[in-house]
Amino acid sequence: MGCRGMTAAMGAAVACAVGATACAPGGRAGEEGTGAPGGDSARDTGAAPVLVPPQGALLITELYYAGAVPTAGIDRYYADQFVTITNTGDGAVDLGGLVLGEVFGLAGRINAGDTPNAEAADPARITLQGAFRIPGAPGERLLAPGASVRICQDAANHAPYSPVESLDAPLEAFVDNGRGDLDNPRADNLEPLLFSGGSDWLWTVFGPSLVLLPGEAVAEPERARLDGWPVWRVPAAGLIDAVEALRSENAADYKRLHPALDAGFATVSGTYTGEALHRRSDGAGGFQDTNDSGADFTVAPPTIRP
């Protein structure tokens, strides 16, 4: 959900390419990557790229979190998780400094005794249990109009455990805590702001709720602890986009986002199914964005390569 019209432009910065190409490994503007064919117009002419604010331009267009179908002797493989962000605007968007956040709360009744624990009653506030910032100085990470960027847990070829190949993804959530997370030197690392997990930034395979926020939103968080987790309460003003995924269609009571921010939620058929959420087409060459994840996303296998 794009949350268009919630807030005026808030100049932020994020990762990818100027012109008609998207981020390459390393994520620097103008390098080869995913996107429409063509050259880098700013580089070719010397003209500065036309920049637009992220609000109303950036959409989360794919979220793969469920984990791979068991194979090769591994029945729980989830290091292949990723999210894709697409620039639907008519100018480049500066990605550096934008924050990808995971909203606090259970995805549904997973264990006996589980009850809804999210803080979704206030439309002006979002409670985060994880937050990573996209690196890059202003103007360094520009996502061209129509281009997409994949942000993944591990920028790797995940064969034989998964068909997903993210070796050339420009951004990964490397956790440098000495607990064994692998670092792809070709990908730039997200900057951990709020993280209390293990060796990697695992999104729950039962269904996470992710938000894309401007850096200003997390500048002065209200810090607290909920159910033993450190959390940040941050303003929803300036929200760029969000996608809410829960365990099943019967998990509505576990919504983590107020309906004013996302009116519904999406779900896949189960864990370790190799299924992803894909934003629907609007029928006119763009993406559907009604601020309702249940209406805006459909289920299909993940895109193999960025």
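Read-outs throughout are calculated quantities, based only on the coordinates presented, and are distinct from any laboratory measurement. Note that the structure is predicted; figures quoted are calculated from it, not measured. Here the Cβ positions follow ideal geometry from the backbone for every residue, glycine too, while neighbour counts run over all protein chains shown.
A few remarks follow.
- Taking the Kirkwood radius as Rh and the Cα radius of gyration as Rg, region 84-123 has a ratio of Rg/Rh equal to 1.20.
- Annotation: extensible slack from Glu249 through Ala47 equals 67.8 nm (criterion: 0.36 nm per residue apart, minus Cα-Cα distance).
- Long-range amide H partners of Ala276 with built H, under 5 Å: Ala300
- Note on Asp122 and Arg305: the model spin-label points, each 7 Å out from Cα along the C-beta direction, lie 4.7 nm apart.
- The simple spin-label model puts a point 7 Å past each Cα toward its Cβ; for Asp114 and Ala224 those points are separated by 2.2 nm.
- q = 0.10, 0.17 Å⁻¹, region 86-234: log10 I(q)/I(0) [Debye, one scatterer per Cα]: -0.40, -1.11
- Per the Debye formula on identical point scatterers at the alpha carbon atoms of region 211-255, with no solvent, log10 I(q)/I(0) at q = 0.17, 0.22, 0.23 Å⁻¹ is -0.68, -0.92, -0.95.
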